[in-house]
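Everything below concerns the one structure shown next.
The values are calculated or read from the model by the stated rules, or taken from the named source; none is laboratory data. Model, not experiment: these values are computed from the prediction. Note that each Cβ is placed from the backbone with ideal geometry, even for glycine, and that neighbours are counted across all protein chains shown. Just so you know, the surface numbers come from the protein's heavy atoms only, side chains and all, with ligands and any DNA or RNA stripped out. Shrake-Rupley method; radii C 1.70, N 1.55, O 1.52, S 1.80 Å.
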Amino acid sequence: LMAHNQQIKAVKYRLGSAVLNIFLNYWLINKWAGVGAAIATLLSETIGTIGPAWETWKIEKIRIWKNLWRPLTAATVMAVIIILFKLIIGASSLTTMIVGIVIYPLVLFLLKEPILKETLKIAKAVKI
């Protein structure tokens, strides 16, 4: 959006996302504490990301889902598993964080996300 002088649209989506996050946090933290905060952030950030992506698509006519469906699917699977771990098992924050760190790249790998190959190439070039 910035490249098309549409900064005001980007600001509106970010502001709307922030306001939504505040309201969702107020409502969901009272019900589910930290898990509620995570859900609120996930929902508001999703809206704050999809909105500008949609606006960009309307201008550029690029195929957004071609590149985003794998990371969004991986993030959703990770979020659901973390929420289940927290609500059903009562796992600690450290455990859920470790689960998230493992699940997200694993799902990306299973979905054959091209960015993983690029990341490995860069890591090898830098010798990490």
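Which ones in region 107-128 are without any contact (Cβ under 8 Å) to a residue 12 or more places away in the chain, in a helix (DSSP H, G or I) and not β-branched (V, I, T)?
Those that are without any contact (Cβ under 8 Å) to a residue 12 or more places away in the chain, in a helix (DSSP H, G or I) and not β-branched (V, I, T): F109, L110, P114, L116, K117, E118, L120, K121, A123, K124, A125.
Take the residues of region 50-82 that are touching a residue at least 24 places away in the same chain (Cβ under 8 Å) and polar (S, T, N, Q): which is nearest to M97 (Cα to Cα)?
Among those residues, the one meeting the criterion is T73.
Would you confirm whether or not region 39-50 contains a residue that is more than 30 Å from V11 (Cα to Cα) and open to solvent by 90 Å² or more (accessible area, probe 1.4 Å)?
no
With the structure loaded, tell me whether T76 is surrounded by 11 or more Cβ atoms within 10 Å (Cβ to Cβ), at pLDDT 90 or above and part of a helix (DSSP H, G or I) or whether it fails that test.
When the stated conditions are applied, T76 passes them.
Residue-wise test of (1) in contact with a Ser or Thr (Cβ under 9 Å, 6 or more places away or on another chain); (2) open to solvent by 50 Å² or more (accessible area, probe 1.4 Å).
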residue	(1), (2)
P52	no, no
F85	yes, yes
I103	no, no
I115	no, yes
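Filter region 89-101 down to the residues that are among the aliphatic types (A, V, I, L, M) and either assigned to a helix (DSSP H, G or I) or open to solvent by 60 Å² or more (accessible area, probe 1.4 Å) (or both) and list them by number.
Result: I89, L94, M97, I98, V99, I101.
Do the conditions hold for G90, that is, is it out of contact with any Gly (no Cβ under 9 Å at 6 or more places or on another chain), on the phi > 0 side of the Ramachandran plot and not charged (D, E, K, R)?
So G90 passes the test.
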